[in-house]
Amino acid sequence: MLYARATLDVATGGAELAVGAGRGRIDIVEPTGPIEDDPNLTDKKFPGNITRSYRSGSPFCVVGEVADWQGHSPGRLKQMLDRIEELRQQGVEAIEE
């Protein structure tokens, strides 16, 4: 599965939390096949997809890159990391495929 975010704020969070060396990337993409709501970021208790997060089993075509994105504040980044750790401690680690 490949994942895409339709808002810069959510894409920025993904880039900041990406595993690997160096700064994460935010690519501008177009789907080449069907897309669906990302169940990892969609609250199944309520209808909708407020984060506008999607996934696809088909490739995305990269048509550009957001090179000058600004990261979240250190405090906000710490909140995101703390929330991930809290979920891990609750046993919520697996990405739903």
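A residue that is within 24 Å of Q79 (Cβ to Cβ) and polar (S, T, N, Q) occurs nowhere in the stretch 17-36. Screening the stretch 20-61 for residues that are under 16 Å from L2 (Cα atoms) and among the basic types (K, R) and picking the one that is surrounded by the fewest Cβ atoms within 10 Å (Cβ to Cβ) gives R25. Give me the residue from the stretch 4-23 that is part of a loop (DSSP other than H, G, I, E, B), within 11 Å of the chain's Cα centre (by Cα) and of a type in the set (A, V, I, L, M, F, W, C) and, out of that set, nearest to G64 (Cα to Cα). Per the stated criteria, the residue is A6. Inspection of the stretch 64-85 finds a residue satisfying the criterion of being at pLDDT 95 or above and assigned to a strand (DSSP E or B). Only residues that are part of a loop (DSSP other than H, G, I, E, B), among the basic types (K, R) and either under 12 Å from the mean Cα position of the chain (by Cα) or at pLDDT 90 or above (or both) were counted in the stretch 24-58, giving 2.
The values are calculated or read from the model by the stated rules, or taken from the named source; none is laboratory data. This is a predicted model, so every value here is computed, not measured. Cβ sites come from the backbone with ideal geometry, for glycine too, and all protein chains shown count toward neighbours.
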